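Notes to accompany the following structure.
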Number of protein chains: 2
Amino acid sequence: MAGDLKVLADPVRLRLLSLIAASEASEACACDLVPSLGRSQPTVSHHLSVLTAAGFVTREQRGRWAWYRVVPERMAALGHAVAAFSDARG
Amino acid sequence: MAGDLKVLADPVRLRLLSLIAASEASEACACDLVPSLGRSQPTVSHHLSVLTAAGFVTREQRGRWAWYRVVPERMAALGHAVAAFSDARG
DNA sequence: CGTTCACATCGACTTCAGTCGATGTGAAGA
DNA sequence: TCTTCACATCGACTGAAGTCGATGTGAACG
């Protein structure tokens, strides 16, 4: 769980998730994500790779473009795990 | 929000929160926490300080002992914020 | 008031993660 | 097939963060 939180504990990755989730059809092309962030293409690619490896997003190649989607169950599960600390016997 | 997640993205701090939440009356003395973790006293003190500064726990001095409590609203709010990424327009 | 105990702070080391320029890869188009 | 485009990977640098021994602090106890 610490590893999962560590993946999300980065402003660039949070912005990526936010941008992807807010995109049409809840998917986004890397070509649109790079200019939206103030970071270089390798940096964005790296963060997308980290999110994908952790299972928070899925990657689908279509021709030359790579499309990314958020995995909602993954986000919900982690969110509930965090919220569970508010109960005693957490 | 990235800062909040970064605070939780550490196995020692997660164990601290878990131990405190699972203690009687949902509070724990540092003297009990140090031996439960495999870390030195300064390290545990440092992590408790980080959790306190971020508002995830509160510290109360009673005599020579320091007692810690989880702030449930804080955990619940962050958990919901994470889970919100599972919705479109996150 | 000196001692002891619980805990915080300091200083230094080390590991890790974000960042970017340069380069590799693989698909599309001429 | 040669070029171009989109993206991944590599190598190197840098700043941040975890860790611990040593030391400071402040309350209890005699």
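The values are calculated or read from the model by the stated rules, or taken from the named source; none is laboratory data. Since this is a predicted model, take the numbers as computed values, not measurements. Methodologically, a virtual Cβ is constructed for each residue, glycine included, from the backbone with ideal geometry; neighbour enumeration extends over all protein chains shown. Surface areas here come from the heavy atoms of the whole protein model, side chains and all, with no ligands, DNA or RNA. Shrake-Rupley method; radii C 1.70, N 1.55, O 1.52, S 1.80 Å.
General observations
- Counting only protein heavy atoms and a 1.4 Å probe, the protein assembly as shown has 51 square angstrom of accessible area per residue.
- Per-copy distances of the A:GLY3 label point, shortest first, in nm (7 angstrom along Cα→Cβ): 2.9
- Exam field: A:ALA53 pseudo-label spacings to other copies (7 Å along Cα-Cβ), nanometres: 2.8
- Relative contact order for region B:2-86, counting Cα pairs under 8 Å that sit 6 or more residues apart, in percent: 29
- Convex hull volume per residue for region B:2-86, taking Cα atoms only, in Å³: 94
- Acute angle (nearest 10 degrees) that the helix A:72-83 long axis makes with the longest principal axis of chain A, alpha-carbon atoms: 30
- On the protein assembly as shown, 52 percent of the accessible area sits on carbon and sulfur atoms, based on a 1.4 Å probe.
- In nanometers and ordered shortest first, the copy-to-copy spacing of the B:CYS31 label point, defined 7 Å from Cα toward Cβ, is 6.6.
- DSSP loop trypsin sites (Lys or Arg not before Pro) with at most 13 other Cβ within 10 Å excluded, longest remaining stretch of chain A: A:1-63
- Per-residue ³J(HN,Hα) for region B:21-35, Karplus 6.51 cos²θ - 1.76 cosθ + 1.60, θ = phi - 60°, Hz, x for Gly and Pro: 5, 8, 7, 5, 6, 6, 9, 9, 8, 4, 4, 7, 6, 4, x
- For region A:1-68 versus region B:23-41, the inter-centroid distance based on Cα atoms is 38 Å.
- Chain pair B, A: total accessible area buried, heavy atoms, 1.4 Å probe, Å²: 2300
- Across peptide A:2-10, the mean count of Cβ atoms from other chains lying within 10 Å of each residue's own Cβ comes to 6.
- For region A:4-52, a/c is not less than 1.5, where a ≥ b ≥ c are the root eigenvalues of the C-alpha gyration tensor, and a/b does not top b/c. That puts it in the oblate class.
- Our Cα-only numbers for the protein assembly as shown put the radius of gyration and Dmax at 18.7, 68 Å.
- Degrees between helix B:41-53 axis and first principal axis of chain B (Cα, 0 to 90, nearest 10): 40
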